[in-house]
Amino acid sequence: MLYFNPVAVGDNVSHFIYDVYFYIDQPDYAQALEFDTNQTFGGQRWVWGSECNFKADGVWDIWNDVTGWQRTPFPCTPFPANTWIHLVWNLERVDNQVHYISLTIGDQVYNVDTYYPNQPDWTLEEIDVAFQMDGDYAQQPYNVWLDEMKLTAY
């Protein structure tokens with residue numbers, strides 16, 4: 001299930017803070033939870049995609065428009081059931097690159113400091129946030145609630 005919200009347009013911002021509280025009822029049923037921010041203008045797209053892929057590699061993966069999902073060294077195990085979790089991504093656009101600066105889960109801060117190229121030849125103009133729930137092979141139902149979700153751009 002993908003939740004996607006275009007929130008603005010423009011090229012006059014280059015720093016983003018994706019800040020959300022989430023709550024999952026059956027973490028063992030999820031394959032991954034994905035948290036994304038995108039900026040598009042001038043025929044180009046900057047994608048900051050991230051996923052906590054519990055069942056594949058047990059680490060945070062981040063998106064590279066050239067090669068797809070890339071593993072990080074930062075652990076990601078299923079989140080505790082029925083508990084609010086606070087997630088904050090600090091991101092920036094640097095010329096034709098995306099920069100993943102840091103990820104904060106609760107009180108744990110991971111210095112990601114990784115750059116990837118952006119995606120050329122894109123037609124939309126927007127800034128958006130997205131959240132995606134991925135089911136595992138059995139596709140058992142589970143719920144995730146989001147609260148106090150905000151994207152700060154400057």
*Quick one: net charge around A8, please, counting Lys, Arg +1 and Asp, Glu -1 for every other residue with C-beta under 13 Å from its C-beta.*
-3
_Chain lengthening between D25 and D147 when straightened (0.36 nm per residue, less Cα-Cα)_ = 42.5 nm
*asked:* As a footprinting exposure proxy, order L91, L151 by other Cβ within 10 Å, with the fewest listed first.
replied: L151, L91
*Between D107 and A138, take the C-beta separation as r, use R0 = 30 Å, and let me know the FRET efficiency to the nearest 0.05.*
0.35
*Net +/- balance of residues flanking V112 in space, Cβ distance below 14 Å, scoring K and R +1, D and E -1*: -3
*Could you list M1, M133 in order of exposure, starting from the residue whose Cβ has the fewest other Cβ atoms within 10 Å?*
M1, M133
*Of the residues L103, L124, L87, which exhibits the maximal mean-square fluctuation in a Gaussian network model of the chain defined by a 10 Å Cα contact cut-off?*
L124
*asked:* Tell me the net charge near Q26. Cut-off is 14 Å between Cβ atoms, Q26 excluded, with +1 for each Lys or Arg and -1 for each Asp or Glu.
replied: -3
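Bear in mind these aren't lab numbers, they're just calculated from the coordinates by the rules spelled out. If you're wondering where the values come from, they're calculated on a predicted model, not measured in any experiment. Positions of Cβ are backbone-derived with ideal geometry, glycine not excepted, and every protein chain shown enters the neighbour counts.
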